[in-house]
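Below: one structure, written as structure tokens.
The values are calculated or read from the model by the stated rules, or taken from the named source; none is laboratory data. Keep in mind the model is a prediction, meaning the values are calculated, not measured. Cβ placement follows ideal geometry from the backbone for every residue including glycine, while neighbour counts extend to all protein chains displayed. Surface accessibility is based on the protein's heavy atoms, side chains included, excluding ligands, DNA and RNA. Shrake-Rupley method; radii C 1.70, N 1.55, O 1.52, S 1.80 Å.
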Number of protein chains: 2
Amino acid sequence: MSRNVLGTNVVTQVALVVRNAETTAAAWAELLGVDPLEIGLTKPDEGEGTMYRGRPTQGRAKLAFFDLGSVRLEIIEPVGGPSTWAEHLDRHGEGVHHIAFRIQGMDEKLSRLAEHGLPTVQAGYFTGGRYGYVGSEPKLGVVLELLEHFG
Amino acid sequence: MSRNVLGTNVVTQVALVVRNAETTAAAWAELLGVDPLEIGLTKPDEGEGTMYRGRPTQGRAKLAFFDLGSVRLEIIEPVGGPSTWAEHLDRHGEGVHHIAFRIQGMDEKLSRLAEHGLPTVQAGYFTGGRYGYVGSEPKLGVVLELLEHFG
């Protein structure tokens with residue numbers, strides 16, 4: 001195709017899935033000489049409306065964040081319920097789960113990706129925005145996350 | 001520890017290992033609406049002096065690159081010989097192999113990391129510089145690459 005489907009080429013986040021977010025965050029804190037920007041469970045109300053492979057899910061996560069220059073490192077420990085995070089941990093072990101791009105027009109972008117064989121596998125909300133994970137591993141070698149901030 | 005072991009927190013590269021670099025690069029080119037910056041085999045003379053788990057290796061790779069904002073995407077297809085790339089593909093399948101940081105003082109940095117339980121697993125040269133891969137998955141959830149440019 002002749003134009004950028006995402007509308008951006010700027011990666012804003014690299015995210016790991018791990019078995020214990022606090023242990024992994026402690027190792028990064030030691031390496032970088034800083035505390036994580038934040039660490040904690042996703043809020044229960046942020047899980048409202050989360051869809052995983054076409055069905056509502058109670059999947060949650062414990063999250064920690066570090067700044068890596070212009071990119072944010074996200075450390076994800078899956079907590080309960082089916083999720084793309086738990087699936088990745090089961091299938092591949094610990095490692096990078098996705099890279100994220102900040103986009104505008106989530107529904108249109110996810111539709112266009114699906115038309116190109118890149119289906120949405122999980123979508124939901126966070127405080128101030130929404131996200132969508134794209135099942136792009138077979139084609140792109142890694143899951144893409146689309147992030148849209150409200151307002 | 002109280003200071004940053006790497007001397008930087010700026011990630012400069014996210015690298016995938018895949019089975020076919022050209023196929024995966026074509027999918028990224030379609031997504032982003034651009035051609036790869038470059039694509040080709042590592043040069044034979046760049047493999048001189050490459051060490052993998054303490055032994056010389058003839059491991060080479062086919063590489064493709066895309067710009068993702070301030071981060072470069074590297075797509076790696078292992079070609080021959082043992083390497084950390086081939087090992088990752090065998091153990092985890094396609095996915096992100098490492099994230100890279102540009103550092104100064106390779107030997108001192110690798111030594112300090114090793115003292116903290118983060119051993120060097122592969123090291124070598126490229127035109128204009130050298131690299132070292134750190135076996136950091138068990139602690140950090142992902143391999144780190146240190147890149148040092150000469151001059």
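With the requirement that a residue be without any contact (Cβ under 8 Å) to a residue 40 or more places away in the chain and surrounded by 17 or more Cβ atoms within 10 Å (Cβ to Cβ), what does region B:95-119 give you? B:L110, B:L118, listed by residue number. Of the strands (runs of 3 or more DSSP E) entirely within region A:52-130, those holding at least 2 residues that are acidic (D, E) and at pLDDT 95 or above occupy A:71-79. Residue count for region A:59-94 under the criterion of being open to solvent by 20 Å² or more (accessible area, probe 1.4 Å) and closer than 17 Å to A:D35 by Cβ: the result is 5. From the list A:I99, A:I76, the lone residue that is closer than 22 Å to B:S70 by Cβ, within 12 Å of chain B (Cβ to nearest Cβ) and in contact with a strand residue (DSSP E or B) (Cβ under 7 Å, 6 or more places away or on another chain) is A:I99. If you go through region A:131-151 and keep only what is among the aliphatic types (A, V, I, L, M) and part of a strand (DSSP E or B), you end up with A:V134, A:V143, A:L144, A:L146, A:L147. Considering only residues in region A:10-43 that are among the hydroxyl-bearing types (S, T, Y) and within 12 Å of chain B (Cβ to nearest Cβ), the one that is nearest to A:Q104 (Cα to Cα) turns out to be A:T12.
Total residues in region B:124-151 satisfying the condition of being in contact with a Phe, Trp or Tyr (Cβ under 8 Å, 6 or more places away or on another chain), open to solvent by less than 10 Å² (accessible area, probe 1.4 Å) and under 16 Å from B:R60 (Cβ atoms): the figure is 1.
Restricting attention to region A:72-82, does a residue exist that is closer than 19 Å to A:Q13 by Cα, in contact (Cβ under 8 Å) with a residue 60 or more places away in the chain and acidic (D, E)? Yes; the residues of region A:72-82 include at least one that is closer than 19 Å to A:Q13 by Cα, in contact (Cβ under 8 Å) with a residue 60 or more places away in the chain and acidic (D, E). The set of residues in region B:10-29 that are closer than 18 Å to A:I99 by Cβ and not in a helix (DSSP H, G or I) comprises B:V10, B:V11, B:T12, B:Q13, B:V14, B:A15, B:L16, B:V17, B:V18. Of the candidates B:G49, B:G33, B:G54, B:G7, the single residue that is more than 15 Å from the chain's Cα centre (by Cα), open to solvent by less than 40 Å² (accessible area, probe 1.4 Å) and over 13 Å from A:L140 (Cα atoms) is B:G33.
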